[in-house]
Amino acid sequence: MTETSVGPPDQLVAVPAVMDLSPFESDNSVSCRLASEIPDVCRTEDCCLGIDEAGRGPVLGPMVYGICFCPVSKKQELKDSKVADSKTLNEVERENLFQKIDESKSYIGWALQILSPNTISTSMLQRTKYNLNAISHDTAIDLVQYALDSGVQLKEVFVDTVGPADKYEDKLSKRFPGIDVTVRPKADSLFPIVSAASICAKVARDRVVKGWSFSEDMGDVEADYGSGYPSDPKTKAWMLKYLDPVFGYPQFVRFSWSTAQTLMDSKGVTVHWDDDDEDGEKGAQLQNNKSMLAYFSASAGGKDQKSTHQTHRFFTERRLKSLEAL
């Protein structure tokens, strides 16, 4: 990546380094792993590895877990590159530092796990609860195992904690005996190799969010959704605008987040499910509400009466039609 002067002499823009996101962009409803080439030196020398994530808190977009690794002998060179916690950097600074990491591919490698919003939400809401801390731990473990399976000679692992640091450190040490594991709060500001992982993860998330392709037929979608955090007024306004009263949100939204659930409860159409405790249709009638069966049933006017409402795209995309008889 090069730096190009535009406008005032001290204003710089970043020309992005190569990070092929197409495997995820081809289907952003599922999770995806991306990785650099493994430097030869990382297969012959003792290495350190850092782990961090980007996008844990936002209600919009994926969470990206990243690892970065290099020989222990190259720690000082990495420190001299001025890598820092990605949250303290602006977008141009992050892109420029990712370029430095990319230019050091002879001794620095990285890997990312992009967890789609759909994967996060369905995991958290499945019958057997799988919370975000458990997802984070398992993803970090999988990435360390990926590095080992790829031949990286890991000697040290540094991790930004999720949950109590001592318990997490003990868990990782037992899972990877023989590797010196250090888990600390704010590890991305303490250890340059974690800072590098943080930068890789944040650059990937920023690019994915900026170039998000909506699989749903939503027309021209406004891309100004703010930071993606629930407290951001721009994010709240975007979520209000693109809430479908029946089908909720596009897969860009983590519908397991309380912000999304609250908006769906307050702005969505109330539907009574026929397997609820209140005896199906009778319960729906008592609540002056339609049951799900009524939604699918034929109109009262019979076959010849034309429908006065447009069939939702959910059904047309799947070629589903209402049946009048079985």
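Counting other Cβ atoms within 10 Å of each Cβ, which chymotrypsin sites (Phe, Trp or Tyr not before Pro) in segment 218-276 have at most 16 and sit in a DSSP loop? Spell out each step's value before the answer.
Details: sites: Tyr225, Trp238, Tyr242, Phe247, Phe252, Phe255, Trp257, Trp273; in loops: Tyr225, Tyr242, Phe247, Phe252, Phe255, Trp257, Trp273.
Passing sites in segment 218-276 are Phe247, Trp273.
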Note down the nm distance, to one decimal, between modelled labels 7 Å out along Cα→Cβ at Met19 and at Ile38. 2.2 nm
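So if each residue of separation counts as 0.36 nm, and I subtract the Cα-Cα distance between Lys75 and Ser231, what length gain in nm does that give? Before the final figure, lay out each step's value.
Details: separation 156, 0.36 × 156 = 56.16 nm, distance 3.78 nm.
Difference between extended and current length: 52.4 nm.
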Which lysines have a Cα lying under 20 Å from the Cα of Lys267, excluding residues fewer than 8 positions away in the same chain? Lys234, Lys236, Lys241, Lys290
Förster radius 30 Å - calculated FRET efficiency between Ser213 and Asp149 (Cβ-Cβ, nearest 0.05): 0.45
Taking the Cα centre as origin and putting +1 on Lys and Arg beta-carbons and -1 on Asp and Glu beta-carbons, what dipole magnitude results for segment 22-211, to the nearest 20 debye? 480 debye
How many nm is it between the label spots at Ala223 and Gln261, if each spot is 7 Å from the Cα in line with the beta carbon? 3.3 nm
Going highest first, how would you order 138-151, 119-132 by mean Cβ packing within 10 Å? 138-151, 119-132
Debye-sum result for segment 22-211 in log10 I(q)/I(0), which assumes one identical scatterer on each alpha carbon, at q = 0.08, 0.15, 0.20 Å⁻¹: -0.23, -0.84, -1.50
Taking the radius of gyration and the Kirkwood hydrodynamic radius from Cα positions alone, what is the Rg/Rh ratio for segment 127-262, to two decimal places? 1.05
Taking the mean number of other Cβ atoms within 10 Å as a proxy for protection, how do you rank 41-52, 59-70 from highest to lowest? 59-70, 41-52
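Give the average over all directions of the projected area of the C-alpha convex hull of segment 125-187, one decimal, in nm². Write out the running numbers ahead of the final one.
On the way: hull surface 19.5 nm².
Dividing the Cα hull surface by four gives the mean projection, 4.9 nm².
Each reported figure results from applying straightforward, stated rules to the coordinates on display, with no laboratory input. Source: prediction; values computed, not measured. For neighbour counting, all protein chains shown are included, and Cβ atoms are generated from backbone atoms with ideal geometry for every residue, glycine included.
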